[in-house]
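These notes are about the structure you will find just below.
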Amino acid sequence: MKKSFITIIMISAFSFASSGQPSNEIIHHKKQEKMETNKNTNKINFEFKALPYAYDALEPYIDKMTMEIHYSRHHKAYFDNFIKAISGTPIENLTLNEIFAGISNYPAAVRNNGGGYYNHELFWDNMAPNGVKMSENFEKKLVAQFGSLEKLKEEFANAGMTRFGSGWAWLNVDGKGNLFISSTPNQDNPLMDIAEKKGTPLLAMDVWEHAYYLKYQNKRADYINAFWNVINWKVVEERYEKSINNK
Ligand SMILES: [Fe+2]
């Protein structure tokens with residue numbers, strides 16, 4: 001045991017000495033180790049939910065490999081690191097809504113990983129193979145707010161296109177029941193107290209390169225256009241109704 005510990009120290013020291021920083025292999029190993037040893041022990045029991053469909057279910061709009069890497073690596077890492085960041089702190093007793101409402105008071109690891117966890121959960125849920133159509137009633141609401149579905153699509157796509165670097169585009173509802181579109185950087189979301197436009201997210205679109213680069217490379221516009229085909233409007237509408245009824 002002691003011998004193997006010394007060996008690890010020696011390998012690490014060699015790696016630092018030869019490159020000035022830890023090798024990718026060691027960083028990767030540490031990440032793996034972190035993912036495997038993180039246990040969700042917090043009281044409110046945040047869940048790492050199963051993807052609601054197969055990795056290839058959103059083809060041809062979103063490819064299998066992108067979905068597999070996105071869900072099993074990126075999303076899993078956000079979840080594990082979120083649990084790690086809140087475990088043993090008073091934050092673990094709060095709901096996600098409560099955490100986001102006071103996010104400016106918490107460490108960056110909570111903001112980035114809590115946001116990453118929540119945002120991706122929404123993203124998976126608001127997609128379905130070939131999409132699910134919206135009800136006539138909800139369509140009327142959207143048209144009344146945005147003028148037409150085309151205008152909504154245009155504004156939503158624009159929010160995704162103009163987000164510089166990594167981030168998200170959102171369709172939200174505010175406290176008065178008004179629908180609006182916004183965009184946030186990194187893993188921020190409209191529930192956070194630091195958000196420029198605050199509201200309850202109904203529809204989330206991930207515009208990080210990891211969401212589309214394998215299939216679309218730098219063509220974010222093509223990915224955004226394709227995303228429109230896999231939106232589960234039933235789920236979006238259910239979120240809207242829930243939010244309105246909770247007021
Ligand atoms: Fe993502």
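FYI, it's all coordinate maths here, none of it is from the lab. Values in this document were obtained by computation on a predicted structure and should not be read as measured data. Neighbour counts run over all protein chains shown; Cβ positions are idealised from the backbone, glycine included.
How many nm separate the modelled label positions at residue 196 and residue 246, each set 7 Å beyond the Cα in the direction of the Cβ?
2.5
Fewest to most neighbouring Cβ within 10 Å: what's the order for 143, 230?
Lowest count first: 143, 230.
I'd like the Kirkwood hydrodynamic radius of the stretch 64-247, using the inverse of the mean 1/r over distinct C-alpha pairs, in Å.
16.9 Å is the Kirkwood radius here.
Quick one: order 127, 67 by neighbouring beta-carbon count within 10 Å, fewest to most.
Exposure proxy ranking, most exposed first: 67, 127.
List the residues whose amide H sits under 5 Å from the amide H of residue 167, counting only those 5 or more places along or on another chain, with H placed 1.01 Å from N in the peptide plane.
186, 207, 208
So, with +1 on the Cβ of K and R and -1 on the Cβ of D and E, and no other charges, what is the size of the charge dipole of the stretch 64-247 about its Cα centre, to the nearest 20 debye? Don't skip to the end; give the middle numbers.
On the way: 21 positive and 21 negative charges, 38 e Å.
Magnitude of the dipole: close to 180 debye.
Which FRET efficiency, nearest 0.05, do residue 228 and residue 101 yield, Cβ-Cβ r, R0 30 Å?
0.45
Quick one: 3J(HN,Hα) in Hz for the stretch 177-189, Karplus 6.51/-1.76/1.60 with θ = phi - 60°, rounded, Gly and Pro as x.
Coupling constants for the stretch 177-189: x, 7, 8, 8, 9, 8, 9, 10, x, 6, 10, 5, 8 Hz.
Based on the Cβ-Cβ distance of residue 50 and residue 164, what FRET efficiency does E = 1/(1 + (r/R0)^6) give at R0 = 25 Å, to the nearest 0.05? Walk me through the intermediate numbers first.
On the way: r = 33 Å, r/R0 = 1.33.
Step by step, r from the Cβ atoms, then E = 0.15.
Search the structure for amide H atoms under 5 Å from the amide H of residue 203, placed 1.01 Å from N in the peptide plane, and list their residues when 5 or more places away or on another chain.
The answer is 171.
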